[in-house]
Structure formats: structure tokens, C-alpha cells
Amino acid sequence: MKKTPMPFTLLSFAQLLLIAALPSASADLIDDTCKKTPYPDFCVTALRSDPRGSTTDTPTLGLIMVDFVDKNAKSTGTKIDDLLGKSPDPGTRQALTSCQESYGIISSSMVPPSKESLTKGDYKFAVQYMNAAADSASKCEAGFGGSKSPIYDSNIYERNAATVASAIASSLL
Amino acid sequence: MTPAKNDHRGSDPLTSKATSFSEDAGRLPTGVSQGVSAKSYPSVRDRLSYNWTNAMFSWQRTAYHFQPEKNWMNDPDGPLYYMGWYHLFYQYNPDSAVWGNITWGHAVSRDLIHWFYLPLAMVPDRWFDAGGVWTGSATLLPDGRIVMLYTGDTEESIQIQNLAYPANLSDPLLLEWVKYPDNPVIVPPAGIDPEEFRDPTTAWIGPNGTWRLLIGTKVNDTGMALIYETTNFTTYEAAPGVLHAVNGTGMWECVDFYPVSTNSSEGLETSVVGPGVKHVLKASLDDLKMDYYAIGTYDPVSDTWTPDDPEADVGIGLLVDYGRYYASKTFFDQNTGRRILWGWINETDTDYDDLAKGWASVQTIPRVVTFDNKTGSNILEWPVEEVEKLRLNRTKFDDVLVEAGSVVALNISSAMQLDISVEFEIEGSDALEALEESEAIIECATAQNRSTLGPFGLLVLADESLSELTPIYFHIAKSTNGSLTTLFCADETRSTKASEVFKKVYGGPVPVLDDEKFTMRLLVDHSIIESFAQGGRTVITSRVYPTEAIYGAAKLFLFNNATGVNVTASLEIWQMNSAFIHPFPLDEM
């Protein structure tokens, strides 16, 4: 009988079962981290969509989420520019302009200290500034007077992402 | 929504700036579906940032508290006295009104009140502090040298401890600082998270002639102070044990450790031990953003510290300040023989407001710390007497009757820069015995909650119609074990109409001894109020941002919301001058 060729390692049935049963370490960290946030499903989906999500480091998960806050802030800013270019009514114009300013501030002044805080280990500042970003997304939406704004999805996303980023930083305190 | 873990006494002062999300985006106000215009619901518009005017913003700047001309400040660093000058360093962002890019700001004063801004002392320009020149402390050596230990953050985000010293000890202004070229001098030891290892203390000398200092950290959820020993400040050995640890308190930032005399009001140099000496151990709890302390006994042989009352251990007992206050640090002022305390006061308005007005944070007026040998169980904090140099004219009120349920206006020329001393007496001491069980109160609540014996106190930064007001008050109640408790409180919930400001009630218990009247001292300085009860047994710092009660519209009142007793109040109120803090005239030297 031919011997088993060298490249093949014959695994025992038990070993095969064990490998099948092991969850990946990274998926565990995402699940554990997201459980501690107010939007766990959103958190898991967002983190798994980023290649850095396979990290084993909670601060990096926080940084990924801050990046989502930043990217969304910038794309929302672009959307607002488009909407403003379409001559909205005065009330909508006023609300959009106020949101434009808020989103600009998120990118210029809330994201950098949050990233610095998560990178350097003084996590309370990421909690503070991501809370401020989430709050300003909510206020942006509220500025349209109660009906869904033309940037509703962006505002919800921003609120969720910033809240989750803040909660991740908070879990590190 | 912050996780429940961060909730303490209802909310987390430094981070609970967000309004409730469930009320916001996406939910229609009731009535819109029935055809009522959303614009008729003012609550929606209220949540947008208040329409601050430049006049309102510039009113918020303090007149006699230390703050930089602009941008962000946090922890006080390395306070010291040298060659006729008091020095203050502080965490500072030179670029923005939010935290980041941290450098050491620097200011000097002859008298702890009139400060001069100096150039930045240290910037993150070396690999061992490229991530930030973080908090540190000064040690003055017997041979006249000054040693500064501070936390640096590397690009790899490891927290390490670095040594710096003045470039020129004959420069009284200590303008230039040299960073030891072989930094770091201390790195995180095995088993310690390299991102939870910071804020070295002032060193003290032990019985064998070796210096010791502390660095705060946590292991799991246990906060602790690690001990490092040195003879030369460049090489260190980690001591085998810790000075002290307390389960469940989390990361200990800005640890401070110092002796107090139990039989005199003199301050003690940091190395003093012996009979008649107790040691205060203090930590800033990262989890709660509060400064806790405990008094205990230090054993210099075993290098351990034991609290006098383990139930009031560090992190679970007394607060240094019950208000908006963090990262405090003391130093021994060898000039006057006092132990002096600095504390960082963050804003409670939003980060957006801070960016709009271009600055954030204030330091308290420095406080003298002494041991309270009447109670034996707490320290006393009192504004340095140099602040009294700012007093201008005085108005005195004797035995003003404030009946139950009433407000009495105090006629003074201006109410935004004040030094107030007030004594209250309750009419009819039998009222104290008549207090019923059902009024047990253990925590400060809004001043509108009335009971037999309180609350009574002052309404600060209030407008004539009381649409904005900040009550600072005593509230006497029966505690759950039947004895009388006095709470000292500051209610910020109506301090401003601006809805985005974080407003809550602050305060805690204050011991009042049998023969004592109820006394308060308040320093009012625009958007900051420092309130001291019973000679400084309990202190509350408040940040307030009125929109109406500013400039000439700000008034001062006495109030008595008790249902069962009248109080009489005697007050001395001084108008306070500005400290005119400005840059040091270096080009004129």
C-alpha cells in the first residue's frame, strides 16, 4: 500500500472537531466589545466590515469606529452641499447650514482628540468628544422640526457610530 | 447613552454631555401627525446650541482665576516655589479648545494670584514624549536642584516616565527645561498595562536615604499606587509591594501623597514623618472623574499606608471637592510653610461651545490644606489668604431674617466677582429635635425639594426674576440611623436657560459640630463658583453659564426653602478686583 503522501497530515477526528468548534479570537473580541455598547448589531456589522476588525485590541476597535464617524461626517458634508445647491426653503436651508457646520466640527475637532485619546491611552477624552459628536448628529436631525430630514440616514448612522465609539472608549476606563 | 458602569450619583460629570437620544432623531413630536406644526413645539428648537452672543461668551471668562488666554487646559503640573516665584505648569493644547497635542504651559506669580504667562516649558519634541508631554510633579532637592518627573507618551502609545530639569537654576523664571537625554527613566513593568501607568508624584526621602515616588495604575479593576525608589533620579527600582490598593476603584490617575500635621496648622514638607503626622493619599478616579482622598498612617519602613477608616478608603469615601473638579495636586510651599492644593476645573458647556468661544478650563484659586483636628476625620481646604488682596469694598449684613419659604434680595453693587462669608443660625433649636424620621435625605437634591430644616442658603448669579439662579445651600435632615446630617449642596439645574449645558446638583455631607453655626465662604468669579462649608470641610466647585444673570443683571439673594424654621444670616460681601493675568513682559527684561 502506498504510504500517505508527505504533504498530508492526517488529523484525527477529535482534532477536526476541535478546529471546527473554535471561534476565531477576533470575532469574540468584536462580539464582547459590541455587547457593551448601546447599538450592538450596528457595532458588529461595522467592525466586521473593516479589515482591521480582526485585531485583538479593543482600542483599535474604537479607532475603527472613530474612522467611521469621520468618513460619515465628510460624506454627509458633501450631501449637505448638494442639498443646499438645490435651493431649499428657508427653514430647511437654515437647518442644513447648521448641520454643515456641526459635521465640519466633528471632523476637525471631535475626531482628532478621540483618535489621540484611543491611541495614547487616556481614554476619557474619546468618551467625551465622541459623545459630543453623537449629540450634534441628534441635534442636527432635531433642527428639521420633527419630520425626517433629507439626511436622516446619515444622522442616524453618525449618532450610532459615535455612541458606539464612546462606549468602546468607556469600557477601557 | 453612556454605559451604566459610568453612572455615579446619577451621571458622569465629564462625559454626560449628550442629551437623551431616545427623544431625538427620527421621532416625531406628538401632535405632528394630527396636523399641528412642529414649530409650535419649542422643546425641539431648545436642544440646538443656545444662541450665545459675544457678550455672553466674554462674560464667562474669569477675572481672578488662572486660565490661559485661549485654548484647552487640563491637569495642573509640577507646582513649586523657587527664588521668589510660584510656578504653575499645566497640560495645554496650543492649537485648539479641545484636548490634544499636549504641551506644558507655564506661568509664574509672586503671590499665587497675580499670574504672568510665560512661554511653553515643554513640547512633545522627543521620541519619549512625542505623543504628549503629560502630567508630572516637581521634587525640590536639599542641594537646591529641581527634578521634574513627567509621563511621556511614545508613538507606540506606551506610557513612560521621563526626567526633566531646569536648564539654568540661576534663572528665577525657570524658562528653559532640559529633558534627560537617556529618558525614559521608568517604563511600565511586566504585568502592568502600558496604557495605564502615569502621573508620577513628588518624591519623598525614606529612612535609608533613598527617595520614593508613586505612579498610579490599575490591575483589572483594582486601583493602586506603585512605588519606585531612587538615589539619583535617573535609575529606579520598583518596590516589591504597592503603597496601597483598593478593589473596584479602577485606574488611579494623578496620585498625590503627602503628610499633614495633626496638632498644628503648619504645612509639612513631603518627606516629613513621625508622631503628630498623618498622611493623605489621593487619587483621581478615571472611571468617575472624581478626586477621592483618605487620611491614614504611613509606615516608612514597610512603605505601606493604611487608612484610618477602611470604609472610607481611597475611592470609596471622601471627595477632595464635590463639584466639577479633577486632577488635583498639592505642593509644599517652603516660602510660607503651607501645603497648597491646585485643581483642574473643566467646562460643563459643550465642546462646541468651547470651540466657539475659543477656550476651555480654569484652575481653582489655590487652597491651603490642613488636618481638621476638630473632627479628626477630614482635611480642611481654604482659599490662600493672598486672594483677599483682591477685595475692594465690603458690604455687611447683620442678622437678616429669612423666613420659611422666602427669598431676600441682598443690595450690593455688582454680583459677578465676589468673596462672600455668611453665617446662618436656625431659629429655635428645638426644631432640630422635632425633625421627623420620614425626611431622611442622604444625597443633595434640587433646592426646590423642601423639608422642615432646609434647604437654605444663597442664590448666586440669579437674575431679578429668578429665571436663572444657582442655589448654594445647607440641607439638614435625619440620616437613616437617626442622627442629624447636614448636606452642603450646589444646584446647577437652573443655572442657565441654555439647554445643552450639563446641569446637575452637586454636594455631599459636611460635619457640623454642636457649638457651630452654619458657615459658608463663596468665591464667585463669572462662570466659576467655589463654595466652602464649615471652614472648608466640604467644598464644591461649580461651572455655570447664565444667559440672563450676567453683568448688571446678576444679583445675589438669600433664600430659605425650609417649611418649618426661619433662619437668620449675617454676611460680609466683598467686591473682588480682577487679577489682570497677562503675559510676562519678557522683552522688557
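All of the numbers you see were taken from the coordinates with simple rules; none came from a lab. Small disclaimer: the values here were computed from a predicted structure and weren't measured. Don't worry about glycine lacking a Cβ; one is built from the backbone with ideal geometry, like all the others, and counts go over all protein chains shown.
Straight-line cross-link partners of residue A:148 among the aspartates and glutamates, defined as a Cα under 19 Å from its Cα and at least 8 positions apart when in the same chain: A:81, A:82, A:89, A:135, A:158, B:23, B:24, B:46. Here chain B is assigned +1 on the Cβ of each Lys and Arg and -1 on the Cβ of each Asp and Glu. Its dipole about the Cα centre then comes out at about 940 debye.
Between the listed residues B:376, B:535, B:159, the Cα displaced farthest toward the positive end of the dipole of the protein assembly as shown, a dipole computed from Cβ unit charges relative to the Cα centre, is found at B:159.
Computed from point charges on the beta carbon alone (+1 for Lys and Arg, -1 for Asp and Glu), the dipole magnitude for region A:27-171 about its Cα centre is near 160 Debye. Reducing region B:66-126 and region A:52-130 to their Cα centroids gives an inter-centroid distance of 30 Å. When you restrict to C-alpha pairs under 8 Å that are six or more residues apart and normalise by the size of chain B, the relative contact order lands at 14 percent.
Computed from backbone phi with θ = phi - 60° and the Karplus coefficients 6.51, -1.76 and 1.60, the 3J(HN,Hα) list for region B:265-280 is 9, 6, x, 10, 5, 4, 8, 5, 9, x, x, x, 10, 10, 10, 9 Hz; x is used for glycine and proline.
For the listed peptides A:34-45, B:317-328, a ranking on the average number of other beta carbons within 10 Å per residue, highest first, reads B:317-328, A:34-45.
3J(HN,Hα) couplings calculated from phi for region B:251-256 with the Karplus curve 6.51 cos²θ - 1.76 cosθ + 1.60 (θ = phi - 60°) are, in sequence order, 5, 9, 9, 6, 4, 9 Hz; Gly and Pro show x. In summary, the convex hull built on the alpha carbon positions of region A:27-171 has an orientation-averaged projected area of 8.0 nm². On the principal axes of its alpha-carbon atoms, the protein assembly as shown has extents of 107, 81, 64 Å, going from largest to smallest. Across region B:461-468, coupling constants 3J(HN,Hα) worked out from phi with the 6.51/-1.76/1.60 Karplus curve, θ = phi - 60°, read 6, 10, 8, 3, 8, 6, 6, 10 Hz, and Gly and Pro carry x. Here the dipole of the protein assembly as shown is about 1920 debye; that uses its Cα centre as origin and unit charges on the Cβ of Lys and Arg (positive) and Asp and Glu (negative). Between the C-alpha center of region B:329-382 and that of region B:523-579 there is a gap of 18 Å.
A cut-off of 5 Å between modelled amide H atoms, ignoring neighbours fewer than 5 places along the same chain, links residue B:112 with B:86. Sequence-distant contacts, meaning Cα pairs under 8 Å at least 6 residues apart, place the relative contact order of region B:243-329 at 29 percent.
The mean of 1/r over all pairs of different alpha-carbon atoms in region B:278-354, once inverted, gives a Kirkwood hydrodynamic radius of 14.2 Å. Inter-chain Cβ neighbour count for B:54-62, averaged per residue, equals 0 (cutoff 10 Å, partner chain atoms only).
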